[in-house]
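Read through the structure below, which is laid out as structure tokens, and then see the notes.
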Amino acid sequence: MHSEKAKSKAIKIAVAVEGVMGVSIGGNDKLEVVGEEVDSVCLANCLRKKFCFAEIISVGEAKPQPPKPPVPPLCPPPPYCHPIYCYDPPPSNCSIM
């Protein structure tokens, strides 16, 4: 795929196939398709109709991404609240003069 127009058409064709979750252009202008129960032969045939050449390089399970670390909260927790009463810490008696 030499032009941006051709890349855009290939992505549109790939996204239209049932089961496709994501499409990207990888190294060497290769189309990378991610999804569940994607019919790779149907996808290749659809691309061949438009571009006259399409080749399946590999088919396999997607590699699971590592879990993201939890983000610490930005604000301190709110004061302790009970349905009957709320407890706010008393203000400090410290004053600067």
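Data overview
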item: Residues (among the polar types (S, T, N, Q) and out of contact with any strand residue (DSSP E or B) (no Cβ under 6 Å at 6 or more places or on another chain)) located in the stretch 12-38; result: ASN28
item: Lone unmet requirement of (1) at negative phi; (2) loosely packed, with under 10 Cβ neighbours inside 10 Å for GLU37; result: (1)
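A quick yes/no check of all residues on (1) at pLDDT below 70; (2) in a helix (DSSP H, G or I); (3) farther than 22 Å from HIS2 by Cα:
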| position | (1), (2), (3) |
| --- | --- |
| ALA14 | no, yes, no |
| VAL38 | no, no, yes |
| VAL41 | no, yes, yes |
| ILE57 | no, no, no |
| PRO64 | no, no, yes |
| LYS68 | no, no, yes |
| CYS75 | yes, no, yes |
| PRO78 | yes, no, yes |
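The values are calculated or read from the model by the stated rules, or taken from the named source; none is laboratory data. Not measured: the values here are computed from a predicted model. Note that we place each Cβ from the backbone using ideal geometry, even for glycine, and neighbour counts take in every protein chain shown.
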